[in-house]
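Everything on this sheet refers to the single structure shown next.
The values are calculated or read from the model by the stated rules, or taken from the named source; none is laboratory data. All values derive from a computational prediction rather than experimental measurement. Here the Cβ positions follow ideal geometry from the backbone for every residue, glycine too, while neighbour counts run over all protein chains shown.
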Amino acid sequence: MEIEPGVVPVRISPEGLDGLLGVPENPAGVVIFAHGSGSGRFSPRNNEVAAGLRGSGFATLLLDLLRPEEELDRRNVFDIGLLASRLVVATRWARSRPELVTLNIGYFGASTGAGAALVAAAALKNEISAVVSRGGRPDLAGDALDEVQCPTLLIVGGADHGVIELNESARFRLSCVKEMVVVPGAGHLFEEPGALDRVVEYATEWFARYLRRPASRFLNDRYENRSDAGRHLANALLHLKDSNPVVLALPRGGVPVGFEIAKSLRAPLQVVLARKIGAPGQPELGLGAVVDGSNPQLVLNEQIVEAVDPGKQYLRDEEQRQLREIERRKTLYGISGTSVDLTGHTAIVVDDGIATGGTIKAVLQALQKQPHGQIVLAVPVAPADTLRELAPMADEVVCLMTPEPFYAVGAHYRDFTQTTDAEVIELLKLARTPD
């Protein structure tokens, strides 16, 4: 099959799945396709639907849910749990792509793929914004139907007898926003003239309704305080509970957020100490940052350094001054040792929000230079363009709010009182105390 212009082949790690990614300009959301039995990323019908969605401004990801050797065992084709787990992998992969990281995600499932899409949506809860099923077998989702939270559209052919009844039973069982539409005269594969056009029409309208982000969430969505933000963020990180996580919070504001995440995931809470290096006479202009560790890292923004030209001696002096401040804070917070061994761990880097991202960027770059497992960036709120810049430095980015326009982190909290050193000390003490 000839690949449409603007669509590129991709390899989805860590499972090594092959996919086709199409991203129009300024996408309104991303739709991940779950194919039916015996089908894959080259499915002509799903590619026709995907082309229609891209024409309406949605990014699309079509992928093979099984590797070639796995397809040889026909049992895998009907293993809904396995297929759903691959959709989860694809969703995590999409979250790591700079061009997709801020987009709402929907699933389009065909035949058995619809069952897998609903199981994955139930597992990921509010991470999935909408599901559309075409000629699907939602009944194969089993008990997961009771857990689906996102709006779900079931599209069936009027001549697809048996499947109509299965979809009607599934619709009755779903407790989320749901609709079922019947395309008159269409069979299971929607091969009849005009049938697939109706599918594209219905799917586009559904995704336009539930995937598009509001123009501004500035006045509508605010956290009560940092602890409230941490609890919300923890719910979006539950999939990491069994990945041997370590929560690395930036003091001071990131610690109350990180404390709630560590408590929910039953993970260690550590602080990652980083100090900005300001420009001469302009301390608010960040030249870079010093990040604590067994081998403290000086991470510079070379473009700004070149423009300001502070001189090597100034940078050396500032580095030493900030290292002394880091040592003072380590003593204050009762931190012993030089760094956390992240080998075999998932490092969850947490702050109370991101504005320009300079310090977080330095932390992510420093972590990459030491042995580590996966690196996950988790924040309650940040501007979309900053997240796109940071996404390549993490294996996954989780951010609950990307308001447009973005004014300040504190604007998205009802209580943004400055966190004190005493609060940090108390939370770290509580985190070290066994339940």
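Residues that are assigned to a helix (DSSP H, G or I) and of a type outside the set (Val, Ile, Thr) were ranked within the range 21-49; the one that is surrounded by the most Cβ atoms within 10 Å (Cβ to Cβ) is 46. Only residues that are closer than 19 Å to residue 196 by Cβ and either surrounded by fewer than 19 Cβ atoms within 10 Å (Cβ to Cβ) or in contact with a Cys (Cβ under 9 Å, 6 or more places away or on another chain) (or both) were counted in the range 55-71, giving 2.
The residue that is modelled with the highest pLDDT, among those in the range 264-281 that are under 30 Å from the mean Cα position of the chain (by Cα), part of a strand (DSSP E or B) and not β-branched (Val, Ile, Thr), is 269. The lone criterion from (1) buried (at least 24 other Cβ atoms within 10 Å of the Cβ); (2) out of contact with any His (no Cβ under 9 Å at 6 or more places or on another chain); (3) over 21 Å from residue 391 (Cα atoms) left unmet by residue 113 is number (2). Scanning the range 283-305 for residues that are without any contact (Cβ under 8 Å) to a residue 12 or more places away in the chain and at positive phi returns no hits. Taking residues in the range 266-282 that are more than 26 Å from residue 433 (Cβ to Cβ), and partners anywhere that are of a type in the set (D, E, K, R) and at pLDDT 85 or above, the pairs with Cβ atoms closer than 6 Å and at least 6 places apart or on different chains are 275/325; 277/318. In the range 147-191, of all residues being in a helix (DSSP H, G or I) and of a type in the set (Gly, Ala, Ser), the one that is farthest from residue 118 (Cα to Cα) corresponds to 169.
No other residue among 354, 326 is at pLDDT 85 or above, surrounded by fewer than 20 Cβ atoms within 10 Å (Cβ to Cβ) and hydrophobic (A, V, I, L, M, F, W, C) apart from 326.
Being under 25 Å from residue 387 (Cα atoms), β-branched (Val, Ile, Thr) and in the same structural domain as residue 178 (by TED's automatic domain parsing) is a property that does not hold for residue 119.
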